[in-house]
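The values are calculated or read from the model by the stated rules, or taken from the named source; none is laboratory data. Everything quoted here is computed from the prediction, not taken from an experiment. Using ideal geometry, Cβ is built from the backbone for each residue, glycine included, and neighbour counts are taken over all protein chains shown. Heavy atoms of the whole protein, side chains included, go into the accessibility calculation; ligands, DNA and RNA do not. Shrake-Rupley method; radii C 1.70, N 1.55, O 1.52, S 1.80 Å.
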Amino acid sequence: VLKGPGRRSGVFVAMSVRARESGSGTRLGISVSRRVGIAVSRNYMRRVIRECLRSCPPPLAPLDIVIIVRRGFGRREFRTVCDEVEELVVTAGRGARC
């Protein structure tokens, strides 16, 4: 999933997407490196991303999505990060390829 044409990136996160051939629903993976911060910060970042995805409209096709958090994330304003994640997911839902 991490390599291929379905890679998109923003200021706070990078995202890899791949369409699933079988199965229903979208699967999500969130990767936060130790270099990004201490455990408390990394868990905060995961919670923010999960909450952003709950408010997103679901993609039309079943997808595998891997979100990689970048160092710039930190304790940014929730709405700023959510806007970026939502934009990446919406564009991924339209253009995902196998």
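Quick look at the numbers
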| read-out | value |
| --- | --- |
| Flag for Arg42 being crowded, with 16+ Cβ neighbours inside 10 Å and either modelled with pLDDT of 85 or more or part of a helix (DSSP H, G or I) (or both) | yes |
| Residue within the range 72-79 that is in contact with a strand residue (DSSP E or B) (Cβ under 6 Å, 6 or more places away or on another chain), in a loop (DSSP other than H, G, I, E, B) and surrounded by fewer than 16 Cβ atoms within 10 Å (Cβ to Cβ) present | no |
| Considering residues of the range 49-71 that are open to solvent by less than 30 Å² (accessible area, probe 1.4 Å) and not acidic (Asp, Glu) only, the residue farthest from Phe12 (Cα to Cα) | Leu63 |
| Residues (at pLDDT below 75 and open to solvent by less than 50 Å² (accessible area, probe 1.4 Å)) located in the range 5-22 | Gly6 |
| Positions within the range 23-39 being within 19 Å of Glu86 (Cβ to Cβ), assigned to a loop (DSSP other than H, G, I, E, B) and open to solvent by 50 Å² or more (accessible area, probe 1.4 Å), in sequence order | Thr26 |
